[in-house]
């Protein structure tokens, strides 16, 4: 794994740390490729039962590395193919966001600082967001004459409603951690000094939980966001049959009857 993304697997928890602290974890090509590949690795590895995504330094991720981007724009202009630069959406941002949102295991985003543009989008795609009280969010896209990417058009309005999402996309501004909590952008806010421990505790709890049930919960939420009641009920039936056949369900029921705490196996 490239040094731009640190990957650590311990007791079922894969911790992915964006590691360009001097650039506030801005997304250059190297980092985007490394993050995409790390997320795919975590998604495909049966030993991984939960993922913790965070940033090294004072930022979570400030989005596209504009210093690299302006050079690529100049090169594309010389070739007469300016649109080719934006192939990064298809090649990097879309696969990263899809991996976070659809992998069959929970993803926790520990937002340790600024999360802007695609960086905010990656956090919004996670299943659980815990932010430092010093963190801030900014959609940023319109400020550089771009539209939403990294799934923000889909995730943000589901978190805070379409009206507020349109406001923040049309008029980008810094949203404090406190306001983000009030709006529903994040699940929890903790003092910055406590973020690492608190996020690790949340992620470890998920890594020790019923992984197959978590996967079904993610799938049912995503399905029901775009379907009606009847179809959603049918999907719940399908997923509950699957969950009910899992070893973890049997373990949980037996533990409940015995008044014991279950030890889930993730299958």
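The values are calculated or read from the model by the stated rules, or taken from the named source; none is laboratory data. In this text, all values refer to a predicted model and were calculated from it rather than measured experimentally. Virtual Cβ from ideal backbone geometry, glycine too; neighbours counted across all protein chains shown.
Observations on the model:
- Among the residues of region 1-18, those that are within 22 Å of residue 64 (Cα to Cα), over 15 Å from the mean Cα position of the chain (by Cα) and surrounded by fewer than 21 Cβ atoms within 10 Å (Cβ to Cβ) comprise 1, 2, 3, 6, 7.
- Among the candidates 182, 198, residue that is modelled with pLDDT of 95 or more and within 26 Å of residue 17 (Cβ to Cβ): 198
- Selection from region 37-48 of residues that are over 24 Å from residue 86 (Cβ atoms) and surrounded by 24 or more Cβ atoms within 10 Å (Cβ to Cβ): 42
- In region 95-125, the residues that are crowded, with 24+ Cβ neighbours inside 10 Å, outside any helix (DSSP H, G or I) and in contact with a helix residue (DSSP H, G or I) (Cβ under 7 Å, 6 or more places away or on another chain): 105, 107, 108, 109, 110, 111, 112, 115, 117
- Matching option when the condition is modelled with pLDDT of 95 or more, farther than 28 Å from residue 22 by Cα and in a helix (DSSP H, G or I), among 38, 47, 43: 43
- Residue pairs meeting the criteria (Cβ under 9 Å; at least 6 apart or on separate chains; first surrounded by fewer than 16 Cβ atoms within 10 Å (Cβ to Cβ), in region 191-216; second at pLDDT 95 or above and assigned to a helix (DSSP H, G or I)): 191/198
- Set side by side, the residues 253, 189, 241 differ, and just one is within 17 Å of the chain's Cα centre (by Cα) and either assigned by TED's automatic domain parsing to the domain that holds residue 10 or outside any strand (DSSP E or B) (or both), which is 189.
- Counting the residues of region 5-24 that are in contact with a strand residue (DSSP E or B) (Cβ under 9 Å, 6 or more places away or on another chain) and farther than 18 Å from residue 108 by Cα gives 4.
- Any hit, region 239-253, residues being within 30 Å of residue 132 (Cβ to Cβ) and crowded, with 16+ Cβ neighbours inside 10 Å: no
- Members of region 133-182 that are assigned to a helix (DSSP H, G or I) and either in contact (Cβ under 8 Å) with a residue 40 or more places away in the chain or at positive phi (or both): 144, 155, 158, 177, 178, 180, 181
- Sole exception among (1) assigned by TED's automatic domain parsing to the domain that holds residue 97; (2) surrounded by 12 or more Cβ atoms within 10 Å (Cβ to Cβ) for residue 163, by number: (2)
- Some residue of region 64-72 being in the same structural domain as residue 149 (by TED's automatic domain parsing), at pLDDT 90 or above and surrounded by fewer than 17 Cβ atoms within 10 Å (Cβ to Cβ): no
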